[in-house]
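A short reminder: the numbers here are calculations on the coordinates, not readings from a lab. Quick caveat, the model's predicted, so the values are computed rather than measured. A quick note on method: Cβ atoms are made from the backbone with ideal geometry, for glycine too, and the neighbour counts reach across all protein chains shown.
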Amino acid sequence: MYRTFILMLWLLTPVVVSADEIMQRLQHADSYRQNVASVRVEMQVRLYKQKVLDKTRRYSVFVASGRRSLVLLQSAAEQGQKVLMRDDQFHLFMPRSRRAIRITPLQKLLGEVSTGDVASMTWHEDYTPRLLKERETINGVACRLLELVSHRAGTTYARIELYLDRLSDEPVYARLYLHSGKLAKQASYKMGEMDGRRMVVGMTLLDGIKAGQSTEVSYLSMTQVEIPDNYFNPQYLARSVLH
Amino acid sequence: MTRCRLCLLCLGLLWPLLTHAGVRLEYRADLARQQLDEQSMFVVPEPYRELATDTQQYELLLKYTRDKLRMVIAADARGSDQETTLPVQTRVDEMVLDFAAGGYEWSVGKKIVSWGVGYGFRPLDIIQQESRLQWQALSAEGRPVLSMERFGDDDADSWLWFRDSRVTPLSTQYRNALAYQHYALQNSGDLYVVAMLDEYGSYKLGGGFSQVVNNNIEWHGSLLYLSDYEKFIRTEGAALIASSDPFQNGRYSQGTQLLLGASRHYASGFSVMLEGWYDPAAYSINEWGALLTLSAQQLALLGGATPEAAIYGNLNWNSRAFQATSLMQQNLLLRVSYTGERWEPALFLLHAPEDGGYIANLSMVAEVGDSTRLYLAWQQFGGQAGSVYAQMPMQQMLSLGFSLAGLW
């Protein structure tokens, strides 16, 4: 009787989780996406319309500390284009014009693939997390639901509802909201082995605005590299060594 | 089907067989039909007419980038649709070696250098200035350059020696020049300072900015002081009917080019841009007035003692004024565009506030597959009676083209 009472009390007691612990869980979740500070990621993006493959695109992404990333577009139709993201500053380099132009945060969302989706590898530097639900099941996986609210200008999404595996903190599913409050995308994360480590190896983005459209992002490789600081200077993008 | 067109089309179809690993090929074909304004003074009758109503243009670009070397070789053929053979011209647009030495980044070779901000006009493009609103423009050709650059965390300095060229309908002139650019990256904007000095003592000094105001609005501007500039203009004092080409490069001292613009972007994919600029290197409204009056006086001589070949020849010389990069000194540009996944329609309206003339351009770029693009553009010239654009020989133009790009 006493044991049953204790068990019931334990089950009914609201779980109090500190903000520090939630941040640690978010950082742990981020480590499944980017496990070292400075990486080169090769990725393939497939765009589907009504479940039919519409386009395939290739990207090389350099991600470095200080919220710096550089996306090199590698497909035939886009080759030579580069998108530089430094904190909340964005530049686009078009090969025909031979110069980097400053673009607004909204412009990085436009076009076929949001460069914000392919170049943002972590959440904890940009978002403040809080626990929304301690237990919720997504696709048969027991999850914690976190709400991430952007505390920086220029983030692709203003708010994210992120479901993390309760046991491992692996990202499972997310709802991504724009600054207007509109649900922009729903993301499902695919886990797998990469270089002998359990990592996010892909994600599927279901478009909330363009009905019937989805994007499948596959991380082909993630290599730790030392990236020269020059790579993140907009004026450097015109140089041929960056291709 | 002309031999040349067939040859270039075959090349386009067979190019995968001609390529090597790491080579990118781009092939573009454009056909245009122009409707001439028969009321224009500058549309002279056959056999004196030099303007073609149907034109064709083909361009093949071979691009190769490996390690520190970038190379762009171009071959183009263009002319009127009546021509049975088109001369194929080849050129090296770029061949540049980028390398680091002594703490600086160096470039040597032929290179396209673009420093300007803006869409319709870029005063700060002091190394080379392209015609920004020309629909059928061929790819740009670089300049011989030796540059030394320093890149900091938030700034950069570039020093260049380059060989400048001034291309006029009569000749191409070359001169050595030194140029400098300082770039500073600020929290919400980019700042530029540029300077140039050539071997004859001509210099240019200027600055510009591009600032992101919020999530979807950007504005930009630039100002360039010119110690002197040139215009391809009719010699003062030339006879009413000149017996030899009366046009030459007129030299003017001191001028300032100015650009101010802003753009707003919407989550739906639409963008709106407004720009205004002033370019003293274009004809002033008085210079246009003088040329139009002169052309009317020349035309009035028809039926008199002056041979019509001389009259129409002079009018043909005069009509070259319409080929300038900038036609008017004061310009307002409105551009509305949509960035879709397969379709990119755009409308621009270039208005000349000095005389009420305009160019309206409606274009559509469609992506077919992963490497093919189709282009369609319609351009209309008009405005108030007497305005420069309303008196252009060309009234409207329809252009159709496609491009292929491939990597092997």
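From the largest down, the range B:55-131 spans 56, 30, 14 angstrom on the principal axes of its Cα atoms. Once you have a ≥ b ≥ c as the square roots of the Cα gyration tensor eigenvalues for the range B:273-339, tell me rounded if a/c is under 1.5, and otherwise prolate or oblate according to whether a/b is larger than b/c. Here the range B:273-339 falls in the prolate category. Helices in chain B that qualify as membrane-span-like (whole DSSP H runs, Cα extent of at least 18 Å along the helix axis, mean Kyte-Doolittle hydropathy of 0.0 or higher) are B:3-18, B:285-299.
Across every pair of non-identical alpha carbons in the range B:319-408, the mean reciprocal distance, once inverted, gives a Kirkwood radius of 14.8 Å.
With a 10 Å cut-off between alpha carbons and a GNM built on chain B, which of B:Tyr174, B:Tyr58, B:Tyr119 moves the most? So, out of B:Tyr174, B:Tyr58, B:Tyr119, the one fluctuating most is B:Tyr174. Averaging Cα coordinates gives a centre for the range B:27-104 and one for the range A:125-140; these two points are 57 Å apart. Using just the helices of chain A, give the 222 nm mean residue ellipticity in deg cm²/dmol: DSSP H runs with n ≥ 4 each add -39,500 (n - 2.57), and the total is spread over all residues, rounded to 500. About -3500 deg cm²/dmol. Rounded, prolate or oblate, given the Cα gyration tensor of the protein assembly as shown, with a/c below 1.5 counting as rounded? Verdict is prolate for the protein assembly as shown.
Once you sort the root eigenvalues of the Cα gyration tensor of the range B:143-299 as a ≥ b ≥ c, which label holds: rounded (a/c under 1.5), prolate (a/b larger than b/c) or oblate (the other case)? Here the range B:143-299 falls in the oblate category. Here's the list of lysines a cross-link from A:Lys210 could span, going by alpha-carbon distance under 16 Å and ignoring same-chain residues fewer than 8 apart: A:Lys49, A:Lys51, A:Lys55, A:Lys182, A:Lys185.
In chain A, the longest principal axis of the Cα atoms and the axis of helix A:2-12 are about 30 degrees apart.
Can you show me the helix-derived [θ] at 222 nm for chain B, built from DSSP H runs with n ≥ 4 at -39,500 (n - 2.57) apiece and divided by the number of residues, rounded to the nearest 500.
-3500 deg cm²/dmol
Report D for the range A:190-240 in µm² per second (integer): Stokes-Einstein, Kirkwood Rh on Cα pairs, 25 °C, 0.890 mPa s. It diffuses with D of about 172 µm²/s by this estimate.
For the range B:312-338, backbone nitrogen atoms closer than 20 Å to the point 7 Å from B:Ile217 Cα along Cα-to-C-beta are found at B:333-337.
Along the axis of the charge dipole computed for the protein assembly as shown (Cβ charges of +1 for Lys and Arg, -1 for Asp and Glu, origin at the Cα centre), the listed residues A:Phe93, A:Leu164, B:Gly142 are led at the positive end by A:Leu164. Pick out, from A:Gln74, B:Pro47, B:Ala195, the residue whose Cα sits farthest towards the positive end of the charge dipole of the protein assembly as shown, with +1 on the Cβ of Lys and Arg and -1 on the Cβ of Asp and Glu. Selected residue: A:Gln74.
Taking the Cα centre of chain B as reference, the dipole from Cβ charges on Lys and Arg (+1) and Asp and Glu (-1) amounts to some 560 debye. Mean silhouette area of chain B, derived from the convex hull of its C-alpha atoms and averaged over all directions, reads 22.0 nm². The range A:192-243 and the range B:320-384 have their alpha-carbon centroids 35 Å apart.
The range A:28-65 and the range B:177-196 have Cα centres spaced 33 Å apart.
Over every pair of different alpha-carbon atoms in the range A:28-117, take the mean of 1/r and invert it; report that Kirkwood radius in Å. Working shown, then result.
On the way: mean 1/r = 0.0704 Å⁻¹.
Every distinct Cα pair counted, the radius reaches 14.2 Å.
Rounded to two decimals, what ratio of Rg to Rh does the range A:160-199 give with C-alpha atoms and a Kirkwood Rh?
Checking Rg against Rh, the ratio lands at 1.11.
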